[in-house]
Amino acid sequence: MTEAARPQESAIREALRTVYDPEVGENIVDLGLVYRVETRPGAVDLDITMTTPACPAAGSIAEEAGAAVRRACPEGTRVRVEVVFDPPWTPEYMSADVKRRFGW
């Protein structure tokens, strides 16, 4: 692949804004669940977390995140999504808008 086929991080983050935590009703970017987006020609690696390690939606959120990123990337891009818990998530990671909606 050429450098022109490198997925753009901004497009990846916009795609991830379409993925919602069903228990909270907010997208995973604004909730602060996206820890790392690494792009290079032909590949995207994501580290995402959950608000708690016991989150029952972790598998479906990770699958939805991978699907959203694949739709935003050139065909054939390898997408890897890893769910991590280090560092542990805290409400400090949420966007200011989400904090306001929650009254924080």
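Laboratory data are not the source of any read-out in this text; all were calculated from the coordinates shown. Because the structure is a prediction, the values reported are computed rather than measured. For neighbour counting, all protein chains shown are included, and Cβ atoms are generated from backbone atoms with ideal geometry for every residue, glycine included.
Entry remark, segment 10-47: residues being more than 11 Å from the chain's Cα centre (by Cα) and not basic (Lys, Arg) number 13 in total. Looking only at segment 16-55, which residues are farther than 17 Å from Glu82 by Cβ and of a type in the set (Phe, Trp, Tyr)? The one that is farther than 17 Å from Glu82 by Cβ and of a type in the set (Phe, Trp, Tyr): Tyr20. Among the residues of segment 72-104, the ones that are without any contact (Cβ under 8 Å) to a residue 12 or more places away in the chain and of a type in the set (Gly, Ala, Ser) come to 2 in all.
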